[in-house]
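The values are calculated or read from the model by the stated rules, or taken from the named source; none is laboratory data. Computed from a prediction, not measured in an experiment: that's the story for all the values here. Backbone-built Cβ (ideal geometry, glycine too); neighbour counts: all protein chains shown. The area values use the complete protein model at the heavy-atom level, side chains included, leaving out ligands, DNA and RNA. Shrake-Rupley method; radii C 1.70, N 1.55, O 1.52, S 1.80 Å.
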Amino acid sequence: MAALSSRDAEHVLRFVADAEELGGDHAFTPEVLAELGKLVEADWVAYDEADRVRRRFGYGADRPGDEYDRPEVSYWEIAGEHPVCSRHNTGDSRALKLSDFMTLRELRQSRIYSIWFGPFGVERQLNLAIPSPPWHAKTFLFSRGPGPDFTERDRRVLDLLQPHLGHLWRAARVRRQLRAALESLESGSEHDARGVILMAPGGLIELASPSACRLLRDYFDEAGRLDAPAALVNWFESGSPTFVCRRGEHRLSISRSGSMLLLEETRDELGLTSRERDVLAWVARGKTNSEVAEILWVTPSTVRKHLENIYAKLGVHTRTAAVTRFLGALGD
């Protein structure tokens, strides 16, 4: 990838710093999109989150002044015809243009243009995805009307920003979770799966919720002490965003926001490996064994073997039953 000019690099760094200040419960507010639109010029700038399996949209935002009425046709009816979305769905999260896949003439002759792009006058689009689990999409959309296409410089800017955007999203999620945990602090039980710790200088614990004390006891065999476990202090001082440890089928994840730590315990109810979860997530989206194999860079026989293991672990005999169990475990 060619390097950005010093001016562009400076603007990218400034955006990252400003976005930290502008973000709230959600990282990508309309105000953040306005700043992002100064880096990559477009007629419309938007951000959307979606559950690909259940075909539901979650949080979404438009740059101020870019709001518009959604078309009557459902996005899910044409998602398979959108070349950039289709490529992102395979796990390729790079910044991609419509023109990477079809000429302007081909676009104007397509069905998706007549019912989706055309009514809004969109003829150019550059999209960037934040790497996510197969069932969840987080996508930035930059759209233009008739005129010049997006440039390779625009693509480089977004690809360079991608890891920073992922960090901003995760930081906002931690802020939301911390706020919810703090709100329930007084009424919380030590048996809650989520807890909060306020760290003080020198690795001391200034405040810990009842559930956080239990989690420290269960995973570090330490509780009631003013100083945090050494492993936790070393992680905290390293600046790394996440700490993970396991206890059997239970998993403790610790995230940070300043001096506040969010502890969250989860349990793998399905008992599947990460690769088996990937396979089942793609099966849940209607992919065949051959299609899953191509996406995951394995052979169809490997996918078939993963499915056999999945069926045995879940106690089912069909793809439909396995997917039903999988979606139930994901929750709403």
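From the list Asp66, Asp92, Asp25, Asp51, exactly one residue is of a type outside the set (S, T, N, Q) and open to solvent by 60 Å² or more (accessible area, probe 1.4 Å). Which is it?
On the way: Asp66 fails: open to solvent by 60 Å² or more (accessible area, probe 1.4 Å); Asp92 fails: open to solvent by 60 Å² or more (accessible area, probe 1.4 Å); Asp51 fails: open to solvent by 60 Å² or more (accessible area, probe 1.4 Å).
Exactly one of Asp66, Asp92, Asp25, Asp51 is of a type outside the set (S, T, N, Q) and open to solvent by 60 Å² or more (accessible area, probe 1.4 Å), namely Asp25.
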Fill in: Long-range neighbours under 6 Å by Cβ, at least six apart or interchain, first residue closer than 17 Å to Phe150 by Cα within the stretch 99-121, second part of a helix (DSSP H, G or I) and open to solvent by less than 70 Å² (accessible area, probe 1.4 Å)
Phe101/Pro83; Leu107/Tyr113
Fill in: Where Tyr59 falls short, out of the listed (1) of a type outside the set (A, V, I, L, M); (2) over 25 Å from His26 (Cβ atoms); (3) outside any loop (DSSP other than H, G, I, E, B)
(2)
Worksheet item: If we scan the stretch 105-118, do we find a residue that is open to solvent by 40 Å² or more (accessible area, probe 1.4 Å) and within 15 Å of Trp44 (Cβ to Cβ)?
Response: yes
Fill in: Leu307 being within 27 Å of Ala200 (Cβ to Cβ) and at pLDDT 90 or above
no
Worksheet entry | Residue in the stretch 269-276 that is within 30 Å of Gly195 (Cβ to Cβ), of a type outside the set (Phe, Trp, Tyr) and in contact with a Phe, Trp or Tyr (Cβ under 9 Å, 6 or more places away or on another chain) present | yes
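Count, please, the residues in the stretch 142-167 that happen to be surrounded by fewer than 21 Cβ atoms within 10 Å (Cβ to Cβ) and in contact (Cβ under 8 Å) with a residue 40 or more places away in the chain.
The total comes to 13.
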Response to the item:
Across (1) under 29 Å from Cys85 (Cβ atoms); (2) over 24 Å from the mean Cα position of the chain (by Cα); (3) not in a helix (DSSP H, G or I), His317 clears everything bar (1)
Fill in: Members of the stretch 5-39 that are closer than 20 Å to Tyr59 by Cβ and outside any helix (DSSP H, G or I)
Gly23, Gly24, Asp25, His26, Ala27, Phe28, Thr29
Fill in: Condition met for Phe117 (assigned to a loop (DSSP other than H, G, I, E, B), touching a helix residue (DSSP H, G or I) at 6+ places or on another chain (Cβ under 9 Å) and at pLDDT 90 or above)
no
Worksheet item: Restricted to the stretch 34-48, and to residues that are touching an Asp or Glu at 6+ places or on another chain (Cβ under 7 Å) and open to solvent by less than 20 Å² (accessible area, probe 1.4 Å), which residue is nearest to Arg176 (Cα to Cα)?
Response: Ala46
Worksheet entry | Single residue of Leu178, Leu215 found to be open to solvent by less than 70 Å² (accessible area, probe 1.4 Å), assigned to a helix (DSSP H, G or I), touching a strand residue (DSSP E or B) at 6+ places or on another chain (Cβ under 7 Å) and modelled with pLDDT of 85 or more | Leu215
Discussion item. Cβ-Cβ under 9 Å, sequence separation 6+ or interchain: first residue in the stretch 238-254 and open to solvent by 80 Å² or more (accessible area, probe 1.4 Å), partner of a type in the set (Ser, Thr, Tyr) and part of a helix (DSSP H, G or I). Which pairs?
Written reply: Arg246/Tyr219; Arg247/Tyr219
